[in-house]
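A.B. asks: Attaching a single structure in structure tokens format; questions to follow.
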């Protein structure tokens, strides 16, 4: 009996505790959940009461049976039943608490999700409102623009009507004015238009000529820069030809079998020869010939003469090569000095320093634009002496002029490796070896790199140009020179009003004599320009050509 009462009390207590816990849990939810839970709790309470009542009835019945049997069973069975009841109660209680905790977590997660969705919805509403405001502003602006456009269109239509009316009035006035002009000028509209076109054409030609001249004057301002650019392009195009011609010598062989002998075992002979002479030896497929390459003509000559001796001797090995090269170099230096002394004696120049005499001899192995430098210097010296005598200078000045003419290109054969021009370098050499100041100035100024301070300097400059520009001096044979001169004169004679044309200064100047009756002073300027343009377009020539048009008025009468 006591066990049944205790069991019923436990169930009632559990139901009450459950009811209380449910009530507390529902208070924390929303009102809808609370009502729902309250309803469920009422049902649970009713069911618990019914169950409790039924269990009480059953318990009383069972209690009576148990009590009747309990007296005959051991006390251990009583304790066992009590323990099982407690365990069952503990299990039911833990299950209820777990379900309560899980339900609480789910409600919290839902609450957080709702708050987050509310925030996002609020942000979207704010953005939508901003867009609506922008669209309202754009709408008002469009309406304002439509109103302005309508006003402008109406104003434009009004202006067009006014312009059309003014045009009609102007056309009527123009017709009236043309008729009045025809009456005054006694010319028809077509005749007046023809005369006007002729006048405009003449003025346009003059303006065009003036524009071309102004363009040329403007081009002269940048001529130095453009000229340098043209020179660089010319060097790029032509340097290979001249470099090969001036830096390469060909050594002919009797047979190709000698090539292997010159190369030697594993190339030791050719390496020894290149190291001894400082020149590069190229052995290729060219039959019975090898190429000697070097920018220094003295080195090339030493290598050529050494090879000639070695091939003639037949003994070619490194020790023999060094011996032959040393002897050849010594003999060539003696030959250079001998050439210089012979040149000085032939020109009757005295007191020249031995080093300068040696430099004069080195000119024999140097060329400039295809012209041998020593021959050019000797020719310039003779021309300087002749010109000084023609100008009436004293014999002393004539000798200084000859001396300066011989030494004017001495800087081209200097042994020093410097970035100075050959004129400045030659002047420094003359100053170093105590040459006369007049000679030093003439050497340094023959390319206008320093200022001339005496009469000898322009003589040397002029004679240098004469020697370099004469027919056949520099890569131009006489026939092509004469042909170019003839074409130059024929080109000038082809213009109307030209009486005579003379090509002067080796084709560097063209003098055109015109008939004064046919050519005016103004047209003479235009004629010189047209001839120069035609020369530029149709001819090829070195340097530049000066075109001079001469118009002379002669009055001739006879006294009888």
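The values are calculated or read from the model by the stated rules, or taken from the named source; none is laboratory data. Everything numeric here is computed off the predicted structure, so don't read it as measured data. Quick reminder, even Gly has a Cβ in these numbers, built from the backbone with ideal geometry, and neighbours come from all protein chains shown.
A.B. asks: Is it the case, given these coordinates, that residue 142 is closer than 30 Å to residue 21 by Cβ, in a helix (DSSP H, G or I) and without any contact (Cβ under 8 Å) to a residue 24 or more places away in the chain? Break it down stepwise before answering.
C.D. replies: Details: closer than 30 Å to residue 21 by Cβ: no; in a helix (DSSP H, G or I): yes; without any contact (Cβ under 8 Å) to a residue 24 or more places away in the chain: yes.
Against the criterion (closer than 30 Å to residue 21 by Cβ, in a helix (DSSP H, G or I) and without any contact (Cβ under 8 Å) to a residue 24 or more places away in the chain), residue 142 does not qualify.
A.B. asks: Among the residues of region 531-540, is any farther than 29 Å from residue 467 by Cα, surrounded by 15 or more Cβ atoms within 10 Å (Cβ to Cβ) and touching a strand residue (DSSP E or B) at 6+ places or on another chain (Cβ under 8 Å)?
C.D. replies: Residues of region 531-540 farther than 29 Å from residue 467 by Cα: none.
Within region 531-540, not a single residue is farther than 29 Å from residue 467 by Cα, surrounded by 15 or more Cβ atoms within 10 Å (Cβ to Cβ) and touching a strand residue (DSSP E or B) at 6+ places or on another chain (Cβ under 8 Å).
A.B. asks: Okay, next question. Quick check on residue 347: is it buried (at least 16 other Cβ atoms within 10 Å of the Cβ) and at pLDDT below 85? Spell out how you get there, then give the answer.
C.D. replies: Details: buried (at least 16 other Cβ atoms within 10 Å of the Cβ): yes; at pLDDT below 85: no.
So residue 347 does not fit the description; no.
A.B. asks: Just checking, does region 380-391 include any residue being more than 15 Å from residue 459 (Cα to Cα) and either without any contact (Cβ under 8 Å) to a residue 40 or more places away in the chain or surrounded by fewer than 19 Cβ atoms within 10 Å (Cβ to Cβ) (or both)?
C.D. replies: Here is the first cut: in region 380-391, the residues more than 15 Å from residue 459 (Cα to Cα) are none.
Within region 380-391 (the criterion being more than 15 Å from residue 459 (Cα to Cα) and either without any contact (Cβ under 8 Å) to a residue 40 or more places away in the chain or surrounded by fewer than 19 Cβ atoms within 10 Å (Cβ to Cβ) (or both)), the answer is no, since none of the residues qualifies.
A.B. asks: Further question on the same structure: Could you tell me how many of the residues in region 304-348 are farther than 14 Å from residue 272 by Cβ and not in a helix (DSSP H, G or I)?
C.D. replies: 2
A.B. asks: Next question. All but one of (1) exposed (fewer than 13 other Cβ atoms within 10 Å of the Cβ); (2) at pLDDT 80 or above hold for residue 326; which doesn't?
C.D. replies: Tallying (1) exposed (fewer than 13 other Cβ atoms within 10 Å of the Cβ); (2) at pLDDT 80 or above, residue 326 fails exactly one: (1).
A.B. asks: Restrict the check to region 294-303 and report whether at least one residue is in the same structural domain as residue 408 (by TED's automatic domain parsing), in contact with a helix residue (DSSP H, G or I) (Cβ under 7 Å, 6 or more places away or on another chain), assigned to a helix (DSSP H, G or I) and modelled with pLDDT under 80.
C.D. replies: no
A.B. asks: Name the single residue, out of those in region 281-292 being outside any loop (DSSP other than H, G, I, E, B) and in contact with a helix residue (DSSP H, G or I) (Cβ under 6 Å, 6 or more places away or on another chain), that is surrounded by the most Cβ atoms within 10 Å (Cβ to Cβ). Talk me through it step by step, then tell me what you get.
C.D. replies: Taking region 281-292 first, the residues outside any loop (DSSP other than H, G, I, E, B) are 281-282, 289-292.
Checking which are in contact with a helix residue (DSSP H, G or I) (Cβ under 6 Å, 6 or more places away or on another chain) leaves us with 281, 292.
Values: 281: 20, 292: 24.
Applying the filter and picking the extreme gives 292.
A.B. asks: Related question: Only one residue in 256, 313 is surrounded by fewer than 15 Cβ atoms within 10 Å (Cβ to Cβ) and modelled with pLDDT of 75 or more. Which one? Break it down stepwise before answering.
C.D. replies: On the way: 256 fails: modelled with pLDDT of 75 or more.
Of the residues listed, the single one that is surrounded by fewer than 15 Cβ atoms within 10 Å (Cβ to Cβ) and modelled with pLDDT of 75 or more is 313.
A.B. asks: Of the residues that sit in region 443-458 and are more than 38 Å from the chain's Cα centre (by Cα) and crowded, with 24+ Cβ neighbours inside 10 Å, which one is farthest from residue 394 (Cα to Cα)?
C.D. replies: Restricting to residues being more than 38 Å from the chain's Cα centre (by Cα) and crowded, with 24+ Cβ neighbours inside 10 Å, the top hit is 443.
A.B. asks: Is at least one residue of region 407-419 free of Cβ contacts under 8 Å to residues at least 24 places away in the same chain, in the same structural domain as residue 456 (by TED's automatic domain parsing), touching a helix residue (DSSP H, G or I) at 6+ places or on another chain (Cβ under 6 Å) and assigned to a helix (DSSP H, G or I)?
C.D. replies: Looking through region 407-419, none of the residues is free of Cβ contacts under 8 Å to residues at least 24 places away in the same chain, in the same structural domain as residue 456 (by TED's automatic domain parsing), touching a helix residue (DSSP H, G or I) at 6+ places or on another chain (Cβ under 6 Å) and assigned to a helix (DSSP H, G or I).
A.B. asks: If you don't mind, another one. From (1) touching a strand residue (DSSP E or B) at 6+ places or on another chain (Cβ under 6 Å); (2) in contact (Cβ under 8 Å) with a residue 24 or more places away in the chain, pick out the condition that doesn't hold for residue 282.
C.D. replies: The failed condition is (2).
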